[in-house]
Amino acid sequence: MATRDLVLAALFAAIIVALGLVPPIMLGFIPVPITAQSLGVMLAGVILGAKRGGLAVLLVLVLVAIGLPVLSGGRGGLATFVLPTAGYLVGWFFAAVAIGYCSERFVGRSQSALVQVTGFFMAAMIGGVVILHGLGILWLAYGTGTGLSTAFLGDLAFIPGDILKAAIAALAGRAVMVGYPLLPQRA
Amino acid sequence: MDIRFEQAEARFEGRTVLHPLTLTLTERRIGIIGLNGSGKTTFARMINGLVTPAAGRVTLNGFDTASDGEQVRSAAGFIFQNPQNQIVLPILKEDIALGLTSRKLSREEKQAEVNAVLARFGIEHLADRRVHELSGGELQLAALASVLVTRPEILIMDEPTNQLDLRNRALVEKTVHSLEENVLVISHDLDLIAGFDRVLLFHDGRLLADGEPPVVIDRYRTLCAA
Amino acid sequence: MKTLYVQGNTWLHRLSPGLKLGGLAVFSLLLFATRSPVVLAAAVFLAGAIHASMRFGVVRTWQQLRVILLSISILTVFTLLLNGPADALAVFLRLVALAVLAATITATTSTAEFIDTITAGARPLERIGLVKAADLGLAIGLVVRFVPEVLARYEAIRDAHRARGLKQRPLTLAVPLIIQTLRHADEIAAAIDARGIRGQNNRKLGEGS
């Protein structure tokens with residue numbers, strides 16, 4: 001791996017950690033605060049692509065595992081990996097890789113702004129909603145011993161927020177691509 | 001020390017940033033001046049192989065920068081414009097020790113080397129400090145220590161006094177003058193290079209003047225006034 | 001950044017991190033294999049005894065477990081409502097036992113020990129050419145090094161919003177933060193290469209300004 005890729009992944013991991021330390025941001029139009037950290041995970045995939053974005057999230061998970069309280073709310077340590085909600089945490093890695101992979105394929109620099117934003121949104125939905133919540137539900141159902149359908153019910157409450165985050169990630173991803181293009185391009 | 005450019009040319013994204021250049025540098029203290037975008041940083045980066053020539057070749061003590069990267073980089077230390085970006089680990093002494101990774105040293109030997117270089121710049125008290133808490137002057141000294149711990153033959157510095165206040169500027173100037181190593185300094189700080197052995201003036205990717213500091217600095221002033 | 005590590009020299013501090021992680025994995029597998037409240041309660045007692053033998057004190061124990069206990073309570077209530085009290089008790093006991101043991105291992109293993117263990121664990125991957133084990137320590141160091149810098153930048157951007165009377169939106173905060181941070185990547189990478197930290201052949205040649 002080129003040094004630059006390693007540094008980009010590490011810097012993005014630092015951004016994700018920092019986003020866990022800042023207070024939640026209020027949106028203008030709905031009264032729900034946005035925890036910026038999981039938005040950071042989507043952004044890692046959208047902006048850096050599968051390989052570097054996945055590495056960035058992996059680095060954050062390693063920091064959590066080695067006992068740094070880097071998750072929002074000051075959570076960290078091995079205990080976060082033994083809870084039934086750990087699927088959402090481990091799922092971040094797969095979400096970032098999937099979002100990165102889809103972004104590299106859906107979005108090109110020569111497309112119109114609308115197509116680019118739509119492409120990023122689709123990528124963020126596939127990775128950040130379908131894959132992340134899918135994994136989260138499976139783990140939750142297994143960890144608590146409840147059925148899949150009950151775990152799904154518990155999960156539902158968080159879906160609207162993540163759809164909103166996917167939209168923000170899409171807009172931000174396109175804005176960063178215009179200002180500082182990094183996403184690997186594929187045909 | 002012997003740096004040679006043989007019809008060396010640098011291109012970036014299809015644009016020529018340094019036109020073919022042939023010269024030999026052997027002096028102990030060399031200053032590089034020029035306007036922003038004149039090609040002086042590219043020139044400096046070619047010496048340690050961070051930029052490799054698109055045509056021609058660059059050698060340092062006979063080692064080709066394009067093929068003998070390891071030898072070239074261990075002989076030439078590089079201090080970047082923003083020392084902030086040069087120090088990559090959170091605690092200063094850990095960062096300085098990082099430069100010694102490729103050498104086969106024991107933990108104690110590494111520790112001794114780190115302590116020696118910190119003492120050399122009078123910053124022993126910063127060893128355990130977090131890097132992001134250091135002041136601008138402390139950071140510049142820390143960057144010097146992190147590079148000189150590997151004992152390079154020549155030290156290349158890109159505008160070392162650029163972002164410093166007057167007091168720290170004087171401190172870094174004094175330090176640069178007291179270095180035993182060969183130095184090559186890019187600077188807008190004309191006081192710093194006035195006492196050097198040789199000064200090069202770059203303009204639009206070409207070497208415009210080359211010689212004794214007073215003559216070349218005069219030429220630079222004329223160029224800026226025009 | 002403050003770690004959750006607590007300095008000390010207990011038997012658990014001295015135990016190798018690999019063994020501790022392995023032990024935790026086995027413990028968790030065993031707990032998920034049973035639903036007996038008696039066995040699970042015994043596990044809670046065992047984890048609690050191990051934790052107590054570290055003599056961290058009540059305050060530190062509370063700090064270590066506070067956030068986790070909140071998550072466990074929510075999950076227990078969730079199970080109680082959906083599956084009834086028997087399942088809820090099993091979930092509660094199992095998670096408390098696991099969380100206490102995991103937090104205790106985290107508290108007795110330093111960051112440096114963890115990095116050494118992970119690096120050693122990555123060696124087999126290095127042999128098949130997937131990663132360079134030494135890069136891992138460097139990457140972790142880089143993250144910890146640059147978090148404060150990112151935070152300072154975030155505050156500067158937020159202040160700029162305030163000064164200009166702009167609403168703080170995720171988009172206008174995140175985009176400049178990301179661009180400003182990633183812009184430094186080139187120079188940081190160049191510095192790492194110039195210092196020869198990663199050895200040969202990792203460099204993309206011919207780039208520069």
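Where residues in the range A:124-151 are open to solvent by 30 Å² or more (accessible area, probe 1.4 Å) and facing chain C (nearest Cβ under 9 Å), which of them is modelled with the highest pLDDT?
Going through the qualifying residues, I end up with A:Tyr142.
Identify, please: which residue in the range A:152-161 is open to solvent by 20 Å² or more (accessible area, probe 1.4 Å) and part of a helix (DSSP H, G or I) and is, among those, modelled with the lowest pLDDT?
Restricting attention to the range A:152-161, the residues satisfying the condition of being open to solvent by 20 Å² or more (accessible area, probe 1.4 Å) are A:152-154, A:156-161.
Filter once more, keeping what is part of a helix (DSSP H, G or I): A:152-154, A:156, A:159-161.
Values: A:Phe152: 88, A:Leu153: 83, A:Gly154: 80, A:Leu156: 85, A:Ile159: 89, A:Pro160: 88, A:Gly161: 86.
In this case the residue turns out to be A:Gly154.
Is there a residue being more than 10 Å from every other protein chain (Cβ to nearest Cβ), assigned to a loop (DSSP other than H, G, I, E, B) and surrounded by fewer than 16 Cβ atoms within 10 Å (Cβ to Cβ) anywhere in the range C:17-28?
no
Tell me which residues, restricted to the range B:78-89, are in a loop (DSSP other than H, G, I, E, B) and out of contact with any strand residue (DSSP E or B) (no Cβ under 6 Å at 6 or more places or on another chain).
Step one: list which residues in the range B:78-89 are in a loop (DSSP other than H, G, I, E, B), which gives B:80-82, B:86-89.
Within the range B:78-89, B:Asn82, B:Gln86, B:Ile87, B:Val88, B:Leu89 meet the criteria.
Looking at the range B:20-36, can you tell me whether even one residue there is out of contact with any Ser or Thr (no Cβ under 7 Å at 6 or more places or on another chain) and within 9 Å of chain C (Cβ to nearest Cβ)?
no
With respect to B:Phe202, determine if the residue is in contact with a Pro (Cβ under 7 Å, 6 or more places away or on another chain), surrounded by 15 or more Cβ atoms within 10 Å (Cβ to Cβ) and among the aromatic types (Phe, Trp, Tyr). First the steps, then the outcome.
Working: in contact with a Pro (Cβ under 7 Å, 6 or more places away or on another chain): no; surrounded by 15 or more Cβ atoms within 10 Å (Cβ to Cβ): yes; among the aromatic types (Phe, Trp, Tyr): yes.
It is false that B:Phe202 is in contact with a Pro (Cβ under 7 Å, 6 or more places away or on another chain), surrounded by 15 or more Cβ atoms within 10 Å (Cβ to Cβ) and among the aromatic types (Phe, Trp, Tyr).
Filter the range B:135-160 down to the residues that are surrounded by fewer than 23 Cβ atoms within 10 Å (Cβ to Cβ) and among the β-branched types (Val, Ile, Thr) and list them by number.
B:Thr150, B:Ile154
State whether the residues of the range B:155-175 include one that is under 14 Å from C:Arg195 (Cβ atoms), in a loop (DSSP other than H, G, I, E, B) and of a type outside the set (Gly, Ala, Ser).
No, the range B:155-175 contains no residue that is under 14 Å from C:Arg195 (Cβ atoms), in a loop (DSSP other than H, G, I, E, B) and of a type outside the set (Gly, Ala, Ser).
Please determine whether any residue of the range C:147-159 is at pLDDT below 85 and basic (Lys, Arg). Step through it out loud before you land on a result.
Within the range C:147-159, the first condition is being at pLDDT below 85, and the residues that meet it are none.
Looking for residues that are at pLDDT below 85 and basic (Lys, Arg), one finds none in the range C:147-159, hence no.
Of all residues in the range B:37-47, how many are under 13 Å from B:Phe5 (Cβ atoms) and either modelled with pLDDT under 95 or not aromatic (Phe, Trp, Tyr) (or both)?
Narrowing the range B:37-47 to residues under 13 Å from B:Phe5 (Cβ atoms): B:39, B:42-47.
If we keep only those that are either modelled with pLDDT under 95 or not aromatic (Phe, Trp, Tyr) (or both) too, we end up with B:39, B:42, B:44-47.
Of the residues in the range B:37-47, 6 are under 13 Å from B:Phe5 (Cβ atoms) and either modelled with pLDDT under 95 or not aromatic (Phe, Trp, Tyr) (or both).
Can C:Ala49 be described as at pLDDT 90 or above, more than 11 Å from chain A (Cβ to nearest Cβ) and loosely packed, with under 12 Cβ neighbours inside 10 Å?
It is true that C:Ala49 is at pLDDT 90 or above, more than 11 Å from chain A (Cβ to nearest Cβ) and loosely packed, with under 12 Cβ neighbours inside 10 Å.
May I ask you to say which residue of C:Leu70, C:Leu93 is open to solvent by 40 Å² or more (accessible area, probe 1.4 Å), on the phi < 0 side of the Ramachandran plot and either more than 10 Å from chain A (Cβ to nearest Cβ) or assigned to a helix (DSSP H, G or I) (or both)? Before the answer, list the steps.
Values: C:Leu93 fails: open to solvent by 40 Å² or more (accessible area, probe 1.4 Å).
Just one listed residue meets the conditions, C:Leu70.
Is it the case, given these coordinates, that B:Arg11 is touching a strand residue (DSSP E or B) at 6+ places or on another chain (Cβ under 8 Å), at pLDDT 90 or above, basic (Lys, Arg) and open to solvent by 20 Å² or more (accessible area, probe 1.4 Å)?
Numbers: touching a strand residue (DSSP E or B) at 6+ places or on another chain (Cβ under 8 Å): yes; at pLDDT 90 or above: yes; basic (Lys, Arg): yes; open to solvent by 20 Å² or more (accessible area, probe 1.4 Å): yes.
Judged against the criteria, B:Arg11 is a match.
Take the residues in the range B:118-134 that are open to solvent by 10 Å² or more (accessible area, probe 1.4 Å) and assigned to a loop (DSSP other than H, G, I, E, B); name whichever of them is nearest to B:Phe63 (Cα to Cα).
Of the range B:118-134, the ones open to solvent by 10 Å² or more (accessible area, probe 1.4 Å) are B:119-122, B:124-125, B:127-130, B:132-134.
Next cut, assigned to a loop (DSSP other than H, G, I, E, B) only: B:121-122, B:127-129, B:134.
Details: B:Phe121: 30, B:Gly122: 34, B:Ala127: 34, B:Asp128: 37, B:Arg129: 37, B:Leu134: 37 Å.
My answer is B:Phe121.
Being more than 27 Å from A:Val64 (Cα to Cα), open to solvent by less than 10 Å² (accessible area, probe 1.4 Å) and assigned to a helix (DSSP H, G or I) is the filter here, so list the residues in the range A:79-118 that pass it. Write out each step before concluding.
The initial filter retains those residues of the range A:79-118 that are more than 27 Å from A:Val64 (Cα to Cα), namely A:104-118.
From the residues that got through so far, the ones that are open to solvent by less than 10 Å² (accessible area, probe 1.4 Å) too are A:104, A:107, A:116.
Selection gives A:Glu104, A:Gln116.
Quick check on the range B:106-113. Is at least one of its residues in contact (Cβ under 8 Å) with a residue 24 or more places away in the chain and open to solvent by less than 60 Å² (accessible area, probe 1.4 Å)? It would help to see each step written out before you state the result.
First, the residues of the range B:106-113 that are in contact (Cβ under 8 Å) with a residue 24 or more places away in the chain: B:113.
If we keep only those that are open to solvent by less than 60 Å² (accessible area, probe 1.4 Å) as well, we get B:113.
Yes, the range B:106-113 contains a residue that is in contact (Cβ under 8 Å) with a residue 24 or more places away in the chain and open to solvent by less than 60 Å² (accessible area, probe 1.4 Å).
Please go through the range C:27-48 and give me each residue that is within 22 Å of the chain's Cα centre (by Cα) and either among the charged types (D, E, K, R) or farther than 11 Å from C:Leu101 by Cβ (or both), ordered by number.
Scanning the range C:27-48 gives a single hit, C:Leu29.
Within the range A:49-78, how many residues are modelled with pLDDT of 85 or more and either more than 10 Å from every other protein chain (Cβ to nearest Cβ) or assigned to a helix (DSSP H, G or I) (or both)?
17
The values are calculated or read from the model by the stated rules, or taken from the named source; none is laboratory data. These numbers were taken from a predicted model, which means no experiment stands behind them. Note that we place each Cβ from the backbone using ideal geometry, even for glycine, and neighbour counts take in every protein chain shown. These accessible areas exclude ligands, DNA and RNA; they are computed on the full protein's heavy atoms, side chains included. Shrake-Rupley method; radii C 1.70, N 1.55, O 1.52, S 1.80 Å.
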